[in-house]
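Student: Pasting a structure below so you can have a look.
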2 protein chains.
Amino acid sequence: MPYFDAASAAPLHPVAHQALLASLDEGWADPARLYREGRRARMLLDAAREAAAEAVGCRPDELVFTPSGTHAVHSGIAGTLAARRRVGRHLVTSAVEHSSVLQSAARQVADGGSASEVPVGREGAVDVAAFAQEVRADTALACLQSANHEVGTVQPVAEVAQQCREVGVPLLVDAAQSLGWGPVAGDWSLLTASAHKWGGPAGVGLLVVRKGVRYAPQGPADERESGRSPGFVNLPAIVAAAASLRAVRAEAREEAERLRALVDLIRTRVPELVPDVEVVGDAVRRLPHLVTFSCLYVDGESLLHALDGAGFSVSSGSSCTSSTLTPSHVLRAMGVLSEGNVRVSLPRGTAAPDVERFLEVLPGAVAGVRSALGAPEPAPPAPNDAAVSSVVVDALGKRCPIPVIELAKVIGSVPPGGTVTVLADDTAARLDIPAWCEMRGQEYVGEEQRERGTAYVVRRVG
Amino acid sequence: MPYFDAASAAPLHPVAHQALLASLDEGWADPARLYREGRRARMLLDAAREAAAEAVGCRPDELVFTPSGTHAVHSGIAGTLAARRRVGRHLVTSAVEHSSVLQSAARQVADGGSASEVPVGREGAVDVAAFAQEVRADTALACLQSANHEVGTVQPVAEVAQQCREVGVPLLVDAAQSLGWGPVAGDWSLLTASAHKWGGPAGVGLLVVRKGVRYAPQGPADERESGRSPGFVNLPAIVAAAASLRAVRAEAREEAERLRALVDLIRTRVPELVPDVEVVGDAVRRLPHLVTFSCLYVDGESLLHALDGAGFSVSSGSSCTSSTLTPSHVLRAMGVLSEGNVRVSLPRGTAAPDVERFLEVLPGAVAGVRSALGAPEPAPPAPNDAAVSSVVVDALGKRCPIPVIELAKVIGSVPPGGTVTVLADDTAARLDIPAWCEMRGQEYVGEEQRERGTAYVVRRVG
């Protein structure tokens, strides 16, 4: 049963499994204690810190273990903002950061600070100059992920770090998705990561604060982990995390090459096998194991269920798969199609035949969902000489992808130059109607707020 | 090799070990995902929450899992203080809470709120009326541990909860030391606990917030665990925590009886076997597995090393074993002797012969340390007719237990009615000189600050 959602959580690496087992017996005591069990725990903790620091490329005393990547991000941002409060209260992030970063920014704004989101291009990457422009005299911290967790695009971290360094602003790099593949290049100031993304156990994050970076831990004082991560140290998991990081790094080059070829296969074949698909994310500057595409006239949840039924576990950034019924903020920031969105992230060791079978199963799964929704055929609208030059479609109360399907169904009923106005209150429509226009070569005129919902206006071109 | 420090961290219970192994394979995926691995993880998480809630005696939707007991305490206090900010910013705790509670109180004061510490009696328990008196109209939260982690004294939680309930103030109970032995009685509002204290794995705490208690999670928003505990859920550890809680509860009654008898043996025999020992904590209202005593003229660190050399792992609240070189705040609050302090906390399954061997080893270990320090014999001072009726001992720069040893050496050189003034700058002296007077039947006159250190005045009585 192929599991293709390594970007959410990777199955436990065999080395992590083994190290965890061994340290359950050896590493349960408090490393702060003076007796033999404590001394043994301290030695294991020191060794794990050294191994992790070596993989990151930092000094052991710059690295602490946290209970999760999210804790590392929350602490790293809060601790730097507090220490640099005299400089200012402005935070810069990209628009496509992990929610733990964006929620930290929201917190900062709620607490009276300010935050700027640097937009990304259609491939998902920030522009270095645009990022640098947001960094101001009162900027306390800038944050940029090493690679995006939803579309795999690698960010220009080293260049951004250089720009930040020149104006004396620390850069925090969320390396959750990439640390297993290699160290983060560049002169960054803080780095965070999460062990269960590289095949380590849950319950372990990393927070690295370079020497010389002003940092003030927030919350109640606690002496453990240099005062930067409160609570009893989860040592067996830490030992397993460090051991597996070393193990995945040893295999990284070869495995990245192998998975990159499998992802390339998906990137090439999916648009050939499935009509009306948009593959998103940078084709070259990307993570080796991750690819995302969106399928017109498909709802993500039904497609996930169809794939799950066929034995494939993938995730989606479509609105219907989110608890808030909004499309992924990453897809929104990129301005790409969000309906029928599928993220495939291959765990290490994924077998080529599993990927091939996925490519066999996918077209039928998409066709099945489209057929159930009554989606139009992908043929271009026939020429039309009807006198009615404008049509209004009421899709209020209809969820993604219905408003787009309704639009596609009626576009042929107005003549070239005529308009279709779609009334919709589903949040995905704002993203997917312009995306449909781009894919279909029609003109997106714009939107206007109505008493109920929004009116999206499309002009028929061809 | 007997490990007698269960109150720091208990070795992993076999059921926890087994459950952890099983759920490493079954429970590594994200329980928020829709595919089969996610659904399986969700089922495991729901089952663990139900089991833990049943053991606590609460509804499953009142309980969330946190990364540690410390996180549960920090979040529980911060979330309640924030939600009740309009009522006031006053926090009440006992003086002998865990550092995570007292550091939260310090944080509250640093943030502009206020905090009161309710003192304890010589046995380590708060007085219900004294506690109730500190709860004011502007009190946002009161905190009381179920049982003390250093001396084992059980607190009158149900009575204090009743008092708090009557004035509408929520009570948070830190049940870290007792939850494995049974549910916390009484009408408390919040409860926290830590799995590695009951034989569960590290990395799991519990935070229970009763329905109807106003609560506002602090820090950046995160949808996991009802928004009350951020970060990826550490599911294998949670499953192991819940399974082991159920297992230790099933054995609790019988095992408590067995360990209580072993602790009673220590409480009775230690003062018979070792001269000048003070057993501290309540003899009756106490945890079944924990006993603490202090040995005059002994430094805790040397005694710990001697016991460790003989194969026994215990902890100590003596100043010399702390990173801050101050005696345990619990012993300070109780006003008991802190030098030569030993805490014995028996893990489940401790064998009687191990306790018997400890009692064989202890007298020699104490005698060895005393002899190395040149401690005086425990004989009372001989009658003395010396004309010198007051002596000053300069113990500045000398660490615990030297100032007390110096005092004991010279008390016989002044006549009854004469005084000895000890100059000391070691923080333990403030606690241990009055404690010595009480043990020796001498009169503690008082202390006064000097330019350097403190002068402690003792009047010879007998």
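The values are calculated or read from the model by the stated rules, or taken from the named source; none is laboratory data. If you're wondering where the values come from, they're calculated on a predicted model, not measured in any experiment. Glycine gets a Cβ as well: all are built from the backbone with ideal geometry, and neighbour counts include every protein chain shown.
Student: Would it be correct to say that A:Leu287 is away from chain B (no Cβ under 14 Å), surrounded by fewer than 24 Cβ atoms within 10 Å (Cβ to Cβ), touching a helix residue (DSSP H, G or I) at 6+ places or on another chain (Cβ under 9 Å) and at pLDDT 95 or above?
Tutor: Numbers: away from chain B (no Cβ under 14 Å): yes; surrounded by fewer than 24 Cβ atoms within 10 Å (Cβ to Cβ): no; touching a helix residue (DSSP H, G or I) at 6+ places or on another chain (Cβ under 9 Å): yes; at pLDDT 95 or above: yes.
So A:Leu287 fails the test.
Student: Mind checking which residues of the range B:13-29 are at pLDDT below 95 and assigned to a loop (DSSP other than H, G, I, E, B)?
Tutor: Correct list: B:Gly27, B:Trp28, B:Ala29.
Student: Please find, among A:Ala82, A:Ala48, the residue that is within 23 Å of A:Cys143 (Cβ to Cβ) and at pLDDT 95 or above. Spell out the reasoning first.
Tutor: Numbers: A:Ala48 fails: within 23 Å of A:Cys143 (Cβ to Cβ).
A:Ala82 is the lone residue from the list that is within 23 Å of A:Cys143 (Cβ to Cβ) and at pLDDT 95 or above.
Student: Here is a further query. Test each condition in (1) over 13 Å from the mean Cα position of the chain (by Cα); (2) more than 11 Å from chain B (Cβ to nearest Cβ); (3) under 17 Å from A:Ala429 (Cα atoms); (4) of a type outside the set (A, V, I, L, M) for A:Arg348 and report the one that comes out false.
Tutor: Answer for A:Arg348: the failing condition is (3).
Student: Given the structure, is A:Ala32 crowded, with 21+ Cβ neighbours inside 10 Å, of a type in the set (A, V, I, L, M) and touching a residue at least 24 places away in the same chain (Cβ under 8 Å)? Steps first, please.
Tutor: Numbers: crowded, with 21+ Cβ neighbours inside 10 Å: no; of a type in the set (A, V, I, L, M): yes; touching a residue at least 24 places away in the same chain (Cβ under 8 Å): yes.
Judged against the criteria, A:Ala32 is not a match.
Student: Going through the range B:304-332 one residue at a time, which ones are closer than 27 Å to B:Asp425 by Cα and of a type outside the set (S, T, N, Q)?
Tutor: Kept after step one, since they are closer than 27 Å to B:Asp425 by Cα, are these residues of the range B:304-332: B:304-306, B:315-332.
Scanning the range B:304-332 gives B:Leu304, B:His305, B:Ala306, B:Gly317, B:Cys320, B:Leu325, B:Pro327, B:His329, B:Val330, B:Leu331, B:Arg332.
Student: Look at A:Val277 and say whether it is in the same structural domain as A:Gly124 (by TED's automatic domain parsing) and either basic (Lys, Arg) or buried (at least 18 other Cβ atoms within 10 Å of the Cβ) (or both). I'd like the intermediate steps shown before the answer.
Tutor: Working: in the same structural domain as A:Gly124 (by TED's automatic domain parsing): no; either basic (Lys, Arg) or buried (at least 18 other Cβ atoms within 10 Å of the Cβ) (or both): yes.
When the stated conditions are applied, A:Val277 does not pass them.
Student: So, in the range A:153-180, exactly how many residues are part of a loop (DSSP other than H, G, I, E, B) and farther than 19 Å from A:Ser68 by Cα? Before you say what the answer is, go through the steps one by one.
Tutor: Looking only at the range A:153-180, we keep the residues that are part of a loop (DSSP other than H, G, I, E, B), and these are A:155-156, A:167-170, A:175-180.
Of the ones still in play, those that are also farther than 19 Å from A:Ser68 by Cα are A:155-156, A:167-170.
Residues in the range A:153-180 being part of a loop (DSSP other than H, G, I, E, B) and farther than 19 Å from A:Ser68 by Cα: 6 in total.
Student: Looking only at helices (runs of 4 or more DSSP H) that lie completely in the range A:38-137, which have at least 3 residues being without any contact (Cβ under 8 Å) to a residue 24 or more places away in the chain, within 26 Å of the chain's Cα centre (by Cα) and within 14 Å of chain B (Cβ to nearest Cβ)?
Tutor: A:99-110
Student: Please find, among A:Ser371, A:Ser316, A:Ser338, A:Ser390, the residue that is without any contact (Cβ under 8 Å) to a residue 60 or more places away in the chain, surrounded by 16 or more Cβ atoms within 10 Å (Cβ to Cβ) and either over 23 Å from A:Asp264 (Cα atoms) or touching a helix residue (DSSP H, G or I) at 6+ places or on another chain (Cβ under 8 Å) (or both). Before the answer, list the steps.
Tutor: Details: A:Ser371 fails: surrounded by 16 or more Cβ atoms within 10 Å (Cβ to Cβ); A:Ser338 fails: without any contact (Cβ under 8 Å) to a residue 60 or more places away in the chain; A:Ser390 fails: surrounded by 16 or more Cβ atoms within 10 Å (Cβ to Cβ).
On inspection, the qualifying residue turns out to be A:Ser316.
Student: Filter the range A:210-265 for residues that are of a type in the set (Val, Ile, Thr) and in a helix (DSSP H, G or I); which is nearest to A:His13 (Cα to Cα)? Spell out the reasoning first.
Tutor: Of the range A:210-265, the ones of a type in the set (Val, Ile, Thr) are A:213, A:233, A:238-239, A:248, A:263.
Restricting the remaining residues to those that are in a helix (DSSP H, G or I) gives A:238-239, A:248, A:263.
Values: A:Ile238: 14, A:Val239: 13, A:Val248: 8, A:Val263: 21 Å.
Here the residue is A:Val248.
Student: Let me ask you something else. Are there any pairs with C-beta distances below 8 angstrom linking a residue in the range B:425-452 that is farther than 19 Å from B:Ala333 by Cα to a residue that is in a helix (DSSP H, G or I) and of a type outside the set (Ser, Thr, Tyr), with the two at least 6 apart or on different chains, and if so which?
Tutor: Pairs found: B:Arg440/B:Ala408; B:Arg440/B:Ile411; B:Gln442/B:Ile411; B:Gln442/B:Trp436; B:Glu443/B:Cys437.
Student: Go through (1) over 16 Å from B:Leu91 (Cβ atoms); (2) within 14 Å of another protein chain (Cβ to nearest Cβ); (3) more than 23 Å from the chain's Cα centre (by Cα) one by one and return the number of the condition B:Ala216 breaks.
Tutor: (1)
Student: Next question, about the same structure. What's the number of the condition A:Gly152 fails, among (1) free of Cβ contacts under 8 Å to residues at least 60 places away in the same chain; (2) crowded, with 21+ Cβ neighbours inside 10 Å?
Tutor: The single condition A:Gly152 does not satisfy is (1).
Student: Residues of the range A:12-37 being over 25 Å from A:Gly199 (Cα atoms), facing another protein chain (nearest Cβ under 7 Å) and under 38 Å from the mean Cα position of the chain (by Cα), which ones?
Tutor: Once the filter is applied, which keeps residues that are over 25 Å from A:Gly199 (Cα atoms), facing another protein chain (nearest Cβ under 7 Å) and under 38 Å from the mean Cα position of the chain (by Cα), the range A:12-37 yields only A:Asp30.
Student: Working only within the range B:296-342, note down all residues that are within 19 Å of B:Arg370 (Cα to Cα) and among the small types (Gly, Ala, Ser).
Tutor: B:Gly300, B:Ser302, B:Ala306, B:Gly309, B:Ala310, B:Ser315, B:Ser316, B:Gly317, B:Ser318, B:Ser319, B:Ser338, B:Gly340
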